[in-house]
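Structure first, commentary second.
The values are calculated or read from the model by the stated rules, or taken from the named source; none is laboratory data. Here the structure is a predicted model, which is why all the values come from computation and not from measurement. A quick note on method: Cβ atoms are made from the backbone with ideal geometry, for glycine too, and the neighbour counts reach across all protein chains shown. Calculation scope for accessible area: heavy atoms of the full protein, side chains included, ligands and nucleic acids excluded. Shrake-Rupley method; radii C 1.70, N 1.55, O 1.52, S 1.80 Å.
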Amino acid sequence: MNQLNESLVETQIDLQNAQEIKNGLSEIPKHISSKFFYDEVGDEIFKEIMRCEHYYPTKAEEEILILYSQQLAKQIDKTKKLQIIELGAGDGSKIIHLLKAFKEANIDFIYQPIDISQNILDELEKNVSSEIKDIEIKAICSDYFDYLAQEQGSDEQKLLLFLGGNIGNMFPIEAAEFLEKINSLLSPKDLFLVGLDLKKNPRIIQNAYNDPDGITKRFNLNLLERMNREFGADFNIQSFSHYPFYDPISGSMKSYLISEEKQIVTFKHLNWQFALEKDECIFTEVSQKYSFDDIEELASKSGFKIINNFIDSEGYFTDSLWQK
Ligand code: AVI
């Protein structure tokens, strides 16, 4: 590809994102998709969140993988090679426990993390292969469904992983549609392990998304800084505040940015402006929490049955094992 084409492709990708953001900020209520949290700066802030003492999901899930990976290994058909496919893999620190347990159980497997970010995959591949000798790993930079469709019907058993509570960043209706699609791409011998954050004392949840050190606040506000960096916007960050709100009945933890004053924001690169009233909110993320009944309903709606719910010692989080 020559340089001109390269820069056109780049401009096109930026414009697609810009258009999506412009649409979201033109709607009522205003919103920005949580996928835009994860630029280089956002990835680093998210790592800080995962280390923060108030953000329990990472620690709870790590404990589950330490405690139950051996038990999970017993569900695997050892007569065939196993494909461990992880959707939206992180930096590898949690999955290492599962991979080590599977090695110890003499399971013949290949680990295939899928992500749309090659940077994340490079870091993950380095971390995992330095921790586990002789691991067969093939990182795949692709859309989840494209890859699963391509692998559909292979003779190998699959263990599909969607961990970290990422499913919570979809509203339950979207989650059911997503899981239905996953279901259609798996075969009855395959297993699916999905991480779900559980409903619990509302204060614990509220603290996890409103930590006293302000890490999550920085994470949320970085969305606006990203708009300033990438699209020439002029958001005055000081005039916005972080507002996370947990509704214990529905289980939805929603994050907003409140405009503390009436203002006009200009996106220079888009030649576009929009207005915000004082106290108007921009919705930025849902982190849905589930009860076991909710999980039962979600699984059956999407065509799965639950084999086991692996739970951490506090009862905060579950890695739920499903099959068609
Ligand atoms: C990535 N995801 C599961 C996190 C969550 O808990 O919803 C993102 C996050 N947002 C604020 N803190 C963490």
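Remark: segment 110-158 projects, on average over all directions, an area of 3.6 nm² (convex hull of Cα atoms). At a probe radius of 1.4 angstrom, the accessible area of the chain per residue rounds to 49 square angstrom. Computed over the chain with a Gaussian network model linking Cα atoms closer than 10 Å, the most mobile of Lys200, Lys35, Lys59 is Lys35.
Tell me the angle of helix 172-185 to the major Cα principal axis of the chain, expressed in degrees between 0 and 90 and rounded to the nearest ten. Orientation of helix 172-185: about 40 degrees from the principal axis.
Using a Gaussian network model of the chain in which every pair of alpha carbons under 10 angstrom is joined by a spring, one finds that among His269, His97, His242 the greatest mean-square fluctuation is at His269.
Over all pairs of distinct alpha carbons, what does the Kirkwood formula give as the hydrodynamic radius of segment 18-100, in Å? Let's see the in-between values first.
On the way: mean 1/r = 0.0622 Å⁻¹.
One decimal place: 16.1 Å for the Kirkwood radius.
Taken about its Cα centre, segment 103-194 carries a charge dipole of roughly 160 debye when the Cβ of each Lys and Arg holds +1 and the Cβ of each Asp and Glu holds -1.
Summing Cβ point charges (Lys, Arg +1; Asp, Glu -1) relative to the Cα centre of the chain gives a dipole of roughly 560 debye. For the chain, the carbon plus sulfur part of the accessible surface works out to 49%, probe radius 1.4 Å. Work out the charge dipole of segment 162-243 with +1 on the Cβ of Lys and Arg and -1 on the Cβ of Asp and Glu about the Cα centre, then indicate which of Asn207, Met170, His242 is farthest towards its positive end. Towards the positive end, the residue furthest out is Asn207.
Rounded to the nearest 10 degrees, the angle from helix 118-131 to the longest Cα principal axis of the chain is 40 degrees.
Rounded, prolate or oblate: which fits the chain when a ≥ b ≥ c are the square roots of the eigenvalues of the alpha-carbon gyration tensor, with rounded for a/c under 1.5 and prolate only if a/b beats b/c?
On the way: a/c = 1.94, a/b = 1.47, b/c = 1.32.
Prolate is the answer for the chain, as a/c is 1.5 or above and a/b outweighs b/c.
Against the chain, whose longest principal axis is taken from its Cα atoms, helix 56-73 shows a tilt of about 20°.
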